[in-house]
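Scroll down for the structure; my scribbles are underneath it.
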Amino acid sequence: MIYKMFLHFFVVLCCIPRTMSDSCLGDQEKSIISDIKSSLKKLEHNLNEKSRRCPDGWRDYKNHCYFFSSEKKSWHEAENQCRKMGGYLVKVTDSAENSWLVNTITSKKVIQQSYWIGAADFKETEWTWVIDLSKLDYSNWNSGQLNNSGGNEDCAHFYKQFNYKWNDIPCNYTGGGYICESEKGSHCLPYYKLIKRKDSRKQR
């Protein structure tokens, strides 16, 4: 249908000069142009509506989409899988988002288990978000955590045993799932973020 619409459009463009030289635009040409404009507006509306929806299996919160996977992976495996899906391991920016994530986990909408988030401490200096290497402006660590008790506890997750407060744990832990996040309507990571990811991995 779209092909036919644009075919008519190009036919009209080719014929307009000749038509205009005779008697300006005829009723048939005007009708075709009107149909094309209407179809383009409808197509634009449908694309805008589609971009505002989350993909199947993802959950909507404000302007972002979230995917809760119960598949047990290490932190790096989970982070790689999120990128393959056009997202990233979740970046929790405030208490409202944190509460929504925990409520989703505990409301039986997803399996109640531990879940990786995108916070890490690979340089042993400060915790940052893997998506953009920004510092943690918000956190919800369980009391007494960040203790690195097991050694090399460089990755964070919602820990079921701590009522889903955050816990630091070795990144090769495979006892829980993970949460991916993506900006609504965009499921490809910006190029500069991918560059930063590669640079950060070279430093590890």
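The values are calculated or read from the model by the stated rules, or taken from the named source; none is laboratory data. None of these values were measured; they are calculated from a predicted model. Cβ placement follows ideal geometry from the backbone for every residue including glycine, while neighbour counts extend to all protein chains displayed. Side chains included, ligands, DNA and RNA excluded: accessible areas come from the protein's heavy atoms. Shrake-Rupley method; radii C 1.70, N 1.55, O 1.52, S 1.80 Å.
Here are a few things to note about the model shown:
- Residue check, ASP168 over 22 Å from ARG83 (Cβ atoms) and surrounded by 15 or more Cβ atoms within 10 Å (Cβ to Cβ): yes
Table: residues versus (1) at pLDDT below 95; (2) open to solvent by less than 100 Å² (accessible area, probe 1.4 Å); (3) under 18 Å from the mean Cα position of the chain (by Cα); (4) farther than 30 Å from SER99 by Cβ.
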site: THR19; (1), (2), (3), (4): yes, yes, no, yes
site: SER23; (1), (2), (3), (4): yes, yes, no, yes
site: GLY26; (1), (2), (3), (4): yes, yes, no, yes
site: ILE33; (1), (2), (3), (4): yes, yes, no, yes
site: ARG52; (1), (2), (3), (4): yes, no, yes, no
site: PRO55; (1), (2), (3), (4): yes, yes, yes, no
site: HIS76; (1), (2), (3), (4): no, yes, yes, no
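- Filter pass, GLU126 being under 18 Å from ASP168 (Cα atoms), open to solvent by 60 Å² or more (accessible area, probe 1.4 Å) and charged (D, E, K, R): yes
- So ALA119, is it in a strand (DSSP E or B) and within 14 Å of CYS155 (Cβ to Cβ): yes
- Of all the residues in segment 144-174, those that are out of contact with any strand residue (DSSP E or B) (no Cβ under 8 Å at 6 or more places or on another chain) and at pLDDT below 95 number 4.
- Here is the figure for segment 82-121: residues that are under 22 Å from ASP168 (Cβ atoms), buried (at least 18 other Cβ atoms within 10 Å of the Cβ) and at pLDDT 95 or above total 17.
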